[in-house]
Every structure is written in C-alpha cells, then in structure tokens.
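What follows is one structure encoded as structure tokens, with my remarks underneath.
Nothing in this text is a laboratory measurement; each read-out follows from the coordinates by a stated rule. Predicted model only: the values in this text are computed from it and were never measured. Neighbour counts are summed over all protein chains in view; Cβ atoms, including those assigned to glycine, are modelled from backbone coordinates with ideal geometry.
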Amino acid sequence: MYANPEWQPLDGSQSVLFKIRCEPGSAICVSIAQFSFHPDEEEVLFDLGSTFRVESIDQDKTTGMYCIHMEATREGSDIAERYIELNRKRMQENSVVLMFGSLLAKMGQYDECHEYFVGLAQNPRGKDLVVIYNSIGRAHYLRSEYEQALDNYNVSFALMISTIPERSRSSAIVLNNIGCVMEANGQPQAALQYYERALEIRKDLSEPNDLDTAATLNNVGNIYYKDDNLKTALTYYSIQGIENCQVNCQLTPG
C-alpha cells in the first residue's frame, strides 16, 4: 500500500513510509523503474534475503504519517553463513543415519521420525543410543507427548552420565530438552533450573559459541518474557546475551 498522508483508514491501520539507506556492497538491489506501471516512482527491487536494520521511527506532526528509517546491512548474510557453518560442524559429528532421522523432524514428519528412531533403538548396530533416545524424546515433544518425551530424555541422560568419560556436552543438550518439557507442562521455574544447568556445563566446557547455547539462552529469555520481566528477557535475547554464539536461533529442543 502506498503511503498517503491524506489516507484515513477505518480499521485502525496506519500509513507508513520506509526510508532505506543502502551503501554499496550492503545489499543487492536494482532499479525496476523501466518495468513498473509507475516509472516516475523509481522503484527499486532488493534481493531475496536482504536484511535491514531499523535506525529510528518518527511521526510527522502535521500529517501523522510514520516514517521508519532503515539501513541495508550484511549482518543477516553473515549470521546465515555462520549458522550454515555451525550446522555443517554438527553434521560432521553425527552419522548420516542419525542425521536422516533429524531431517525427518525438521520436515515436520514427526510420526516417521519417531518410528525411525524407535527402529534404531531396537536394532542400533553400534549407533549412539544416547542420541537415539534423545531423538525419540524430541519426536514425542514435537507431537506434544510430554510424558513420553521426558521418559526418553531421562533414558538418554542416564546413558550418558554412566559413560566413561562422562559426556558433558551431550548432557547439556538433554538438560535443555528436559527444560523444554517442563516449560510446556507449565513449570517455568523447573525449566529455568534445567536451562541454567545446561548453560553452566557449556561454560565449563568453554563452548559458548554453538547453536545449542544460543537456543538455551533464547529459552531462558522466553521464560522471563512470559513473566513480564522484559529487561532480563532482553538481556538473553539481545546480541550482548548471545554475542559469542554469533547466531540468533529460534527455540527448538536439541
């Protein structure tokens, strides 16, 4: 919709004008004025995936129109590249067989994912049972079957702490996942304890810069946000809270 100071909406909508500053190299864009029905507007098309940082928002006192000042930035591309690299590292640490099951979950095929990992648990053939039971738990979690999810997470956790040497990094992943179950069951304080235990383990391992740490930090932020403790939530959501992760992840169990 075109910004028009004379437009008077009936549904509470607002007329907004975006002003974008684009330095060379910050984004791929091209003029499409010659192809437009309104060539006098000198329209510009930005590449898919372009990222913009909001600098300020102000309102014209005369017209009442809002103006959002933005700047094109490469930060989104840099974060995406870092995310891809971290996922590549994770793929190298797990077998193709296990990664295939995780892919089913990411595709939303939760039933197939569950059946796949249950089959592996019954006939592991040397595959990592810790990862398998954690993945079964994750499949249950994604199907909102929280009791079954917790049962399988506990099996995974018991297996890893009985391993010599103890698998601290893996235990942090499962602790985060148990926290997700607690939060889903309406036990935010119990969830917070599990998240904090997971973060403490990763701190001791000097691994503050992976995707799992970012996800747990985001989970903690969610709890404070739901509790209306916005200042603390923002600390965990902000770049300061996850600056070592160099990536902003959406909450998902590991």
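A few points about this structure:
- Reported to the nearest whole Å, the Cα centre-to-centre distance from segment 112-149 to segment 10-47 is 48.
- Amide H contacts under 5 Å for Ile20: Met70, restricted to partners 5 or more places along the chain or on a different chain, H placed in the peptide plane at 1.01 Å from N.
- Whether segment 119-160 is rounded, prolate or oblate, judged on the alpha carbon gyration tensor where a/c under 1.5 counts as rounded: oblate
- Remark: Met160, Met107, Met65 ranked as Met107, Met65, Met160, counting other beta-carbon atoms within 10 Å and listing the fewest first.
- Kirkwood hydrodynamic radius over Cα pairs of segment 16-73, then Stokes diffusion coefficient at 10 °C and 1.306 mPa s, in µm²/s: 124
- Taking the fewest neighbouring Cβ atoms within 10 Å as the starting point, the ordered list for Arg21, Arg138 is Arg21, Arg138.
- Taking 7 Å steps out from each Cα toward its Cβ at Ser168 and Cys67 produces label points 5.5 nm apart.
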